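Structure record follows, encoded as structure tokens.
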Amino acid sequence: MNDQTFLILGGSHGIGFGITERLLRRGGSVVVVSRTRGQLDQLDPSLAAGLTHQVADVTTDTLDTFTLPERIDGLAYCVGSIGLSPLRMTKAESMRQDFELNVIGATRVMQRALPALKSADSSSVVLFSTVAVGRGLAMHTAVSAAKGAVEGIARCWAAELAPHVRVNCIAPALTDTPLSERLLSSQAKRDAMAAVYPLGRIGHVDDSAAMATFLLSDESSWITGQVIGVDGGLSHVQK
């Protein structure tokens with residue numbers, strides 16, 4: 001990945017940070033756009049030369065102010081939400097907020113980044129969905145609606161931008177990140193959640209980060225329009 005440049009939205013926390021670190025270790029230059037520096041100061045100092053951080057919020061006009069590289073070889077939109085509620089308590093405003101964050105934000109980023117993505121010899125885009133779209137999980141009305149739309153636009157963009165830009169989507173299950181802290185706040189909760197998965201554990205950041213890095217690399221040059229589960233088997237396997 002030497003001489004390649006990547007744009008990671010939400011790359012300072014959780015899975016996004018995992019992707020950032022992996023790309024830097026493989027010799028890429030990474031521009032992270034996020035509201036805060038998050039975990040970026042935890043990076044090995046030897047990787048700092050390849051990192052640029054810009055502050056912006058994808059739901060506000062600050063998204064239009066950050067500086068883009070002239071060429072983008074890969075883009076990952078790692079911004080997301082995990083608000084859960086039963087149907088009877090799900091508010092229309094919560095659904096609008098999730099849609100704004102996951103779908104409209106991704107669309108605005110792609111519109112801004114498209115000239116730079118097309119400036120590369122070939123480029124790759126990774127979006128994030130959730131296992132709940134395909135599996136059907138209770139309490140996930142707002143996030144399933146928004147992430148289902150993400151899967152839809154991933155396939156749309158894959159068709160529209162081929163053959164020059166590849167677009168794929170990762171659909172993780174519960175992963176140990178800051179977003180899921182309240183769901184994993186005790187060992188009893190962790191053990192109960194791990195028992196749900198055929199592979200016997202919840203997700204690690206590196207599980208999805210490794211898949212995203214593969215999809216952003218030339219190693220996946222014949223893959224586009226796919227939704228790939230990184231979910232411990234939950235979407236297709238029952239013990």
Filtering segment 44-80 down to residues that are within 24 Å of Met211 (Cα to Cα) and of a type in the set (Asp, Glu), which residue is surrounded by the most Cβ atoms within 10 Å (Cβ to Cβ)? Asp73
Tell me yes or no: at least one residue of segment 53-67 is assigned to a loop (DSSP other than H, G, I, E, B), in contact with a Gly (Cβ under 8 Å, 6 or more places away or on another chain) and of a type outside the set (Phe, Trp, Tyr). yes
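Being under 16 Å from the mean Cα position of the chain (by Cα) and either surrounded by fewer than 14 Cβ atoms within 10 Å (Cβ to Cβ) or of a type in the set (Ser, Thr, Tyr) (or both) is the filter here, so list the residues in segment 225-239 that pass it. So that I can check it myself, show each step before the final result.
Here is the first cut: in segment 225-239, the residues under 16 Å from the mean Cα position of the chain (by Cα) are 225-231.
Within segment 225-239, none qualify.
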With the structure loaded, tell me whether Ser123 is under 20 Å from Met1 (Cβ atoms), out of contact with any Pro (no Cβ under 8 Å at 6 or more places or on another chain) and of a type in the set (S, T, N, Q) or whether it fails that test. yes
Collect the residues in segment 81-104 that are in a helix (DSSP H, G or I), β-branched (Val, Ile, Thr) and open to solvent by 30 Å² or more (accessible area, probe 1.4 Å), keeping them in residue-number order. Ile104
Count of segment 194-226 residues which are over 30 Å from Asp3 (Cβ atoms) and touching a residue at least 40 places away in the same chain (Cβ under 8 Å): 1
Test for Gly152: is it crowded, with 19+ Cβ neighbours inside 10 Å and either touching a residue at least 40 places away in the same chain (Cβ under 8 Å) or of a type outside the set (Ser, Thr, Tyr) (or both): no
Just to be sure I understand the filter: pairs with C-beta atoms under 6 Å, separated by 6 or more residues or on different chains, first member in segment 158-173 and under 21 Å from Ser119 (Cβ atoms), second member among the hydroxyl-bearing types (Ser, Thr, Tyr) and open to solvent by less than 30 Å² (accessible area, probe 1.4 Å). Which pairs pass? Val165/Ser123; Arg166/Ser124
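For the subset of segment 1-26 comprising residues that are hydrophobic (A, V, I, L, M, F, W, C) and outside any helix (DSSP H, G or I), which member is most open to solvent (accessible area, probe 1.4 Å)?
Met1
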Residue, farthest from Arg112 (Cα to Cα), within segment 27-43, restricted to residues that are buried (at least 17 other Cβ atoms within 10 Å of the Cβ) and of a type in the set (Val, Ile, Thr): Val30
Check whether at least one residue in segment 156-166 is closer than 21 Å to Ala209 by Cα and either polar (S, T, N, Q) or open to solvent by 40 Å² or more (accessible area, probe 1.4 Å) (or both), and report yes or no. no
Check on Thr52, at pLDDT 95 or above and of a type in the set (Val, Ile, Thr): yes
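Please specify each residue of segment 179-204 satisfying the condition of being open to solvent by less than 40 Å² (accessible area, probe 1.4 Å) and within 17 Å of the chain's Cα centre (by Cα).
Ser180, Gly203
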Return the total of residues in segment 1-33 being among the polar types (S, T, N, Q) and farther than 21 Å from Glu70 by Cβ. 1
When residues of segment 105-149 are filtered for being of a type in the set (S, T, N, Q), out of contact with any strand residue (DSSP E or B) (no Cβ under 8 Å at 6 or more places or on another chain) and open to solvent by 50 Å² or more (accessible area, probe 1.4 Å), how many remain? 2
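The values are calculated or read from the model by the stated rules, or taken from the named source; none is laboratory data. This is a predicted model, so every value here is computed, not measured. Cβ sites come from the backbone with ideal geometry, for glycine too, and all protein chains shown count toward neighbours. Calculation scope for accessible area: heavy atoms of the full protein, side chains included, ligands and nucleic acids excluded. Shrake-Rupley method; radii C 1.70, N 1.55, O 1.52, S 1.80 Å.
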